[in-house]
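The values are calculated or read from the model by the stated rules, or taken from the named source; none is laboratory data. All values reported here derive from a predicted model rather than from experimental measurement. All Cβ positions, even for glycine, are placed from backbone atoms using ideal geometry, and neighbour counts span all protein chains on display.
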Amino acid sequence: MKFIKTPLKLILKLLLLIIGFCIAFWMFLPWREVGGAALSLARPVLEQKGLRLNFAGVRSQNGEQGFIIDGLEIAGFTNFSFDSLTIRPQILASLMNFAPVCDIRFRGGSMTMGQKINFGDGSLLLTASPNNILIENLRTNGDFAVNGFLAVNPAQSRISRAEASLQVPAEFESNMQTLKNFLPLVQDKNGNWFLRRK
């Protein structure tokens, strides 16, 4: 019995040491450099899909994990820009999902598709895996307001599931009719828009 207990104690001590090291490493990561490296890796991937990525700078958060991107712009068929975008990796959720999970918050978001529409400040929870990109708890508070979730199949560049309500400014209504050809948009009898696919 003693021969069993001694190896178990050693294994438990080793596990605690590894966990402690991982937590310490996570706490003291140079987040500014991590953010800069992530953007450098993302830029050529987006360029292959016909998108341009620009940003003014990257900085770390004071006393928190994650990083802040200032002046972020993603330009393509539709241009998206943000005054600032904060990315906070969620380590426990990532381990439980076996995929990277990030809490994302943004300020001063806007979209340009023929005309500029502000969607203001907001947040979302992003889970990214090779087969599925899940955007949950999506909230924006601007002229173009969104509330809900959507899942994207990256291989097909297609929304696989969605349930989100959209508040659309009157001047953007004509664009919504055009977007119905590309996105699973539906409009109810009261004129409210939804992004919906089951």
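Can you name every residue in the stretch 102-119 that is surrounded by 15 or more Cβ atoms within 10 Å (Cβ to Cβ) and within 16 Å of I69 (Cα to Cα)?
C102, D103, I104, R105, F106, G108, G109, S110
Can you pull out every residue in the stretch 94-133 that is in a helix (DSSP H, G or I) and in contact (Cβ under 8 Å) with a residue 12 or more places away in the chain?
If the condition is that a residue be in a helix (DSSP H, G or I) and in contact (Cβ under 8 Å) with a residue 12 or more places away in the chain, then N97 is the only one that fits.
Suppose we keep only residues that are farther than 24 Å from N118 by Cβ, assigned to a strand (DSSP E or B) and among the small types (G, A, S) within the stretch 141-198. Which one would you say is farthest from the chain's Cα centre (by Cα)?
Applying the filter and picking the extreme gives S160.
When the stretch 135-147 is examined, which residues are found to be more than 16 Å from G120 (Cα to Cα) and either of a type in the set (G, A, S) or surrounded by 18 or more Cβ atoms within 10 Å (Cβ to Cβ) (or both)?
I135
So the check is Cβ under 7 Å with 6+ separation or different chains; which pairs have a first residue in the stretch 176-192 that's more than 17 Å from R158 (Cβ to Cβ) and without any contact (Cβ under 8 Å) to a residue 24 or more places away in the chain and a second one that's of a type in the set (A, V, I, L, M, F, W, C) and assigned to a loop (DSSP other than H, G, I, E, B)?
Listed by first residue and then by second, the contacts come to M176/V168.
Hey, could you check the stretch 58-94 for residues that are surrounded by 15 or more Cβ atoms within 10 Å (Cβ to Cβ) and of a type in the set (S, T, Y) and say which is modelled with the lowest pLDDT?
Taking the candidates together, the pick is S94.
Quick one: how many residues across the stretch 41-57 are surrounded by 11 or more Cβ atoms within 10 Å (Cβ to Cβ) and of a type outside the set (F, W, Y)?
Of the residues in the stretch 41-57, 10 are surrounded by 11 or more Cβ atoms within 10 Å (Cβ to Cβ) and of a type outside the set (F, W, Y).
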